[in-house]
Amino acid sequence: MLINGVWQKDWQPVQSKDEDGRFVRQQSVFRNWITPDGSAGPTGKAGFQAQEGRYRLYVALICPWASRTLIARQLKGLEEMIAVTVLNPRLTDQGWAFGGFYGADEDPMFRSSFMHELYTRADSTYTGRATVPVLWDMQANTIVNNESADILRMLNTAFDNVGAIGPDLYPAFLADKIDALNTEIYETLNNGVYKAGFASSQQAYEEANAEIFAQLDQLDARLSDGRRFVFGDAITETDVRLFVTLIRFDAAYHGLFKTNHKRIADYPHLQAFLKSLLALKGGREAVDIDHIKAGYYSVKALNPLGIVPNGPDLSALGL
């Protein structure tokens with residue numbers, strides 16, 4: 001946690017909670033947008049034009065929010081336009097760290113040890129948590145955005161005039177339906193697993209757990225008509241947002257977060273959905289089960305001895 005740009009205390013998983021013990025997530029602060037001409041986006045200020053080689057994504061492969069942006073980068077063919085730095089999946093007392101784990105990178109720009117050092121480069125008086133993903137402007141040396149939903153959406157269109165390819169993840173004719181279902185899935189499932197795992201009362205846990213499995217039941221039923229994706233035969237950002245939670249469920253949330261009523265492997269249509277997403281460009285590249293397990297099971301508040309389970313068997317997914 002940074003207060004006025006100074007690291008104050010050990011990293012803790014529970015960001016905030018309400019009076020009934022419900023987990024409350026910190027809101028993202030950096031909300032600028034990359035646009036084709038550098039004009040201001042829906043939030044933030046102007047000055048961030050889509051240009052090849054100007055931007056870098058800082059991500060952790062454990063993190064579902066960061067994985068959203070990695071998948072979008074791949075689907076839109078932006079690998080050569082936007083660089084990526086992968087952080088250590090294991091959370092330290094100072095949060096996200098660079099290097100020290102296979103597949104984890106050192107900070108190529110500033111040789112930082114911890115992610116929070118980039119936050120204070122962008123804002124020397126920043127107060128809050130240093131989260132991922134971070135979309136960094138290597139020209140202005142500042143954070144463009146640290147809200148994964150924004151980054152996912154801006155990557156869909158911002159670079160279209162400079163070589164981006166791939167599907168439209170937010171088609172206009174589905175926009176209202178995408179927004180509505182995104183909100184529902186976020187509240188009950190994407191963030192719902194965290195509300196269960198980091199609940200500080202039995203009531204809060206049981207509320208979250210019930211919502212999770214009601215949503216999973218609904219989604220499995222929705223996919224039971226043979227559709228490949230949530231809205232039919234074409235992938236949208238809703239599929240990306242759903243995938244990143246489902247792929248972590250059996251490996252991490254089912255055990256560590258006590259969401260153990262059922263596994264995703266027990267939902268035939270959700271399991272088929274995972275296989276479809278893994279077969280797409282960007283799906284498998286954004287998934288590293290060893291990073292996922294190492295990261296989640298490094299949370300001392302939930303797993304003080306740091307023991308990482310051998311399972312589950314994910315061979316049915318080719319993982």
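The values are calculated or read from the model by the stated rules, or taken from the named source; none is laboratory data. What you are looking at is a predicted structure, and each value in this text was computed from that prediction instead of being measured. Glycine also receives a Cβ, built like all others from the backbone with ideal geometry; neighbour counts cover every protein chain displayed. All accessible areas refer to the heavy atoms of the entire protein, side chains included, with ligands and DNA or RNA removed. Shrake-Rupley method; radii C 1.70, N 1.55, O 1.52, S 1.80 Å.
When Phe213 is tested against (1) under 23 Å from Thr69 (Cα atoms); (2) in a helix (DSSP H, G or I); (3) not charged (D, E, K, R), only condition (1) is not met.
The residues of the range 96-111 that are of a type in the set (Gly, Ala, Ser) and either closer than 14 Å to Val59 by Cβ or open to solvent by 10 Å² or more (accessible area, probe 1.4 Å) (or both), listed by number, are Ala97, Gly100, Gly103, Ala104. Within the range 122-136, the set of residues being surrounded by 20 or more Cβ atoms within 10 Å (Cβ to Cβ) and part of a strand (DSSP E or B) comprises Val134, Leu135, Trp136. Kindly indicate whether any position in the range 98-112 is within 24 Å of Glu52 (Cβ to Cβ) and in contact with a strand residue (DSSP E or B) (Cβ under 6 Å, 6 or more places away or on another chain). There is at least one residue in the range 98-112 that is within 24 Å of Glu52 (Cβ to Cβ) and in contact with a strand residue (DSSP E or B) (Cβ under 6 Å, 6 or more places away or on another chain). Considering the range 247-281, and only residues there that are among the charged types (D, E, K, R) and modelled with pLDDT of 95 or more, the residue that is least open to solvent (accessible area, probe 1.4 Å) turns out to be Arg248. Just one of the listed residues (Ile178, Ile165) is among the β-branched types (Val, Ile, Thr), outside any helix (DSSP H, G or I) and farther than 17 Å from Phe249 by Cβ, and it is Ile165.
For the range 223-246, a residue qualifies if it is open to solvent by 70 Å² or more (accessible area, probe 1.4 Å) and in contact (Cβ under 8 Å) with a residue 24 or more places away in the chain, and exactly one does: Arg228. Can you confirm whether the range 80-91 contains a residue that is surrounded by 15 or more Cβ atoms within 10 Å (Cβ to Cβ), among the polar types (S, T, N, Q), in a loop (DSSP other than H, G, I, E, B) and touching a strand residue (DSSP E or B) at 6+ places or on another chain (Cβ under 8 Å)? Yes; the residues of the range 80-91 include at least one that is surrounded by 15 or more Cβ atoms within 10 Å (Cβ to Cβ), among the polar types (S, T, N, Q), in a loop (DSSP other than H, G, I, E, B) and touching a strand residue (DSSP E or B) at 6+ places or on another chain (Cβ under 8 Å).
In this structure, Asp220 does not qualify as assigned to a helix (DSSP H, G or I) and loosely packed, with under 14 Cβ neighbours inside 10 Å. Every condition in (1) farther than 23 Å from Asn191 by Cα; (2) open to solvent by less than 50 Å² (accessible area, probe 1.4 Å); (3) touching a helix residue (DSSP H, G or I) at 6+ places or on another chain (Cβ under 8 Å); (4) part of a loop (DSSP other than H, G, I, E, B) is met by Gly38 except one, and the failing one is (3). Scan the range 197-222 for residues that are under 23 Å from the mean Cα position of the chain (by Cα), of a type in the set (A, V, I, L, M, F, W, C) and within 19 Å of Gln271 (Cβ to Cβ) and the total you get is 5. Take Phe231 and decide whether it is hydrophobic (A, V, I, L, M, F, W, C) and more than 30 Å from Phe98 (Cα to Cα). So Phe231 fits the description; yes. For the range 301-310, filtering for residues that are open to solvent by 30 Å² or more (accessible area, probe 1.4 Å) and either in contact (Cβ under 8 Å) with a residue 12 or more places away in the chain or under 24 Å from Ser276 (Cβ atoms) (or both) leaves 4.
Taking Ile212 as the residue in question, decide whether it is more than 30 Å from Gly47 (Cα to Cα), open to solvent by less than 20 Å² (accessible area, probe 1.4 Å) and at pLDDT 95 or above. So Ile212 fits the description; yes. Counting just the residues of the range 146-195 that are more than 19 Å from the chain's Cα centre (by Cα) and open to solvent by less than 40 Å² (accessible area, probe 1.4 Å), which one comes out nearest to Leu75 (Cα to Cα)? That would be Ala164.
Please work out if Ile151 is under 16 Å from Gly38 (Cα atoms), in contact with a Ser or Thr (Cβ under 6 Å, 6 or more places away or on another chain) and outside any loop (DSSP other than H, G, I, E, B). So Ile151 fits the description; yes. Among the residues examined, Ala204 qualifies as in a helix (DSSP H, G or I) and among the hydrophobic types (A, V, I, L, M, F, W, C).
Let's see how each residue does on (1) more than 18 Å from the chain's Cα centre (by Cα); (2) assigned to a helix (DSSP H, G or I); (3) not polar (S, T, N, Q):
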| residue | (1), (2), (3) |
| --- | --- |
| Asp239 | no, yes, yes |
| Phe243 | no, yes, yes |
| Gly255 | yes, yes, yes |
| Thr259 | yes, no, no |
| Lys275 | yes, yes, yes |
| Ser298 | no, no, no |
| Val308 | yes, no, yes |
| Asp313 | yes, no, yes |
